[in-house]
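Rule-based calculations on the coordinates, nothing more; no lab input. Note that the coordinates shown come from a computational prediction; the quantities given were computed from them, not determined experimentally. Cβ: placed from backbone, ideal geometry, glycine included. Neighbour counts: every protein chain shown.
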Amino acid sequence: MVRAVKISVTATLSTSSQAIFSEILETENWQSFQGFGPLPGIRRAQFIERTEETVGSRIEVVNNDGSSHIETVTRWQPDELIEMQLGEFSPPLSKLATHFTERWHMEDSKVTRTMKLYPRSIFALPILWFISLFLKKALQTHTQAISKGL
């Protein structure tokens with residue numbers, strides 16, 4: 001198995017973790033993710049399936065360049081932890097990655113956001129590493145904006 005590419009960013013919260021959790025469930029707010037460089041921002045996000053307990057909820061995401069993917073909530077611990085799996089990528093990302101995982105961990109007055117990018121093969125690893133450079137910058141910008149309460 002090929003190892004994942006991992007990136008992580010941390011921001012100090014100027015808003016409550018409860019507010020962040022609420023904002024994440026409002027998919028019209030997802031457009032605030034603007035991408036960076038060749039990495040597209042989000043044009044639209046909408047629930048395909050929304051469960052009462054949130055875990056298992058599926059969200060379709062369409063990016064500004066027309067690419068798309070599905071995000072599935074895999075862990076939801078209010079005020080502490082959110083995990084989502086990003087998958088079902090449209091090409092060309094579907095040729096490079098099986099899935100990404102995203103984790104939001106809130107502790108005291110900090111939020112740490114971690115993503116792991118899982119390559120389809122050893123040959124895709126350098127390309128995903130390159131993509132991760134732009135993704136890290138996009139996550140830094142977005143996380144700082146969210147931590148201030150958009």
> Ser94: net charge of surrounding residues, Cβ under 10 Å, Lys/Arg +1, Asp/Glu -1, itself excluded?
Replying inline: +1
> Given springs between every Cα pair under 10 Å in a Gaussian network model of the chain, which of Lys116, Lys137, Lys95 has the largest fluctuation?
Replying inline: Lys95
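Need one number: convex hull volume per residue for the chain, Cα atoms only, in Å³.
On the way: hull volume 15.0 nm³, N = 150.
Here the figure is 100 Å³ per residue.
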>> At 7 Å along Cα-to-Cβ for each site, give me the label-to-label distance between Lys110 and Ser8 in nm.
In response: 0.9
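Within 15 Å, Cβ to Cβ, of Gln31, how many net charges do the neighbouring residues add up to if Lys/Arg are +1 and Asp/Glu are -1?
Every neighbour counted, the sum reads -4.
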> Can you give the angle from 0 to 90° between the axis of helix 125-147 and the longest principal axis of the chain, with both taken from C-alpha atoms, to the nearest 10?
Replying inline: 20
> Looking only at segment 61-80, which residues have a backbone nitrogen under 17 Å from a spot 7 Å from the Cα of Thr15 in the C-beta direction?
Replying inline: 78-80
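Near Gly56, within a Cβ-to-Cβ distance under 14 Å, what is the net charge of the other residues, with Lys and Arg +1 and Asp and Glu -1?
-2
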>> Which lysines, if any, have their Cα less than 27 Å from the Cα of Lys95, not counting same-chain residues under 8 positions apart?
In response: Lys6, Lys116, Lys136, Lys137
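Tell me which GluC sites (Glu not before Pro) from segment 11-115 have a DSSP coil assignment and no more than 12 other beta carbons within 10 Å of their own.
Glu26, Glu52, Glu53
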> Over the chain, what is the mean sequence separation of C-alpha contacts under 8 Å (at least six apart), divided by residue count, expressed as relative contact order in percent?
Replying inline: 31
>> How far apart, in nanometres, would the label points at Ser32 and Glu49 be if each is projected 7 angstrom from Cα along the Cα-to-Cβ direction?
In response: 2.8
> Which one of Leu96, Leu135, Ser109 is farthest out on the positive end of the charge dipole of segment 5-147, using unit charges on Cβ (Lys, Arg +1; Asp, Glu -1) and the Cα centre as origin?
Replying inline: Leu96
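How much length is gained on full extension from Asn64 to Leu133, taking 0.36 nm per residue of separation minus their Cα-Cα distance? Could the numbers behind the result be given before it?
Details: separation 69, 0.36 × 69 = 24.84 nm, distance 1.91 nm.
This chain segment gains 22.9 nm when fully extended.
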> Going by how many other beta carbons lie within 10 Å of each one, how would you line up Ser67, Ser90, fewest first?
Replying inline: Ser90, Ser67
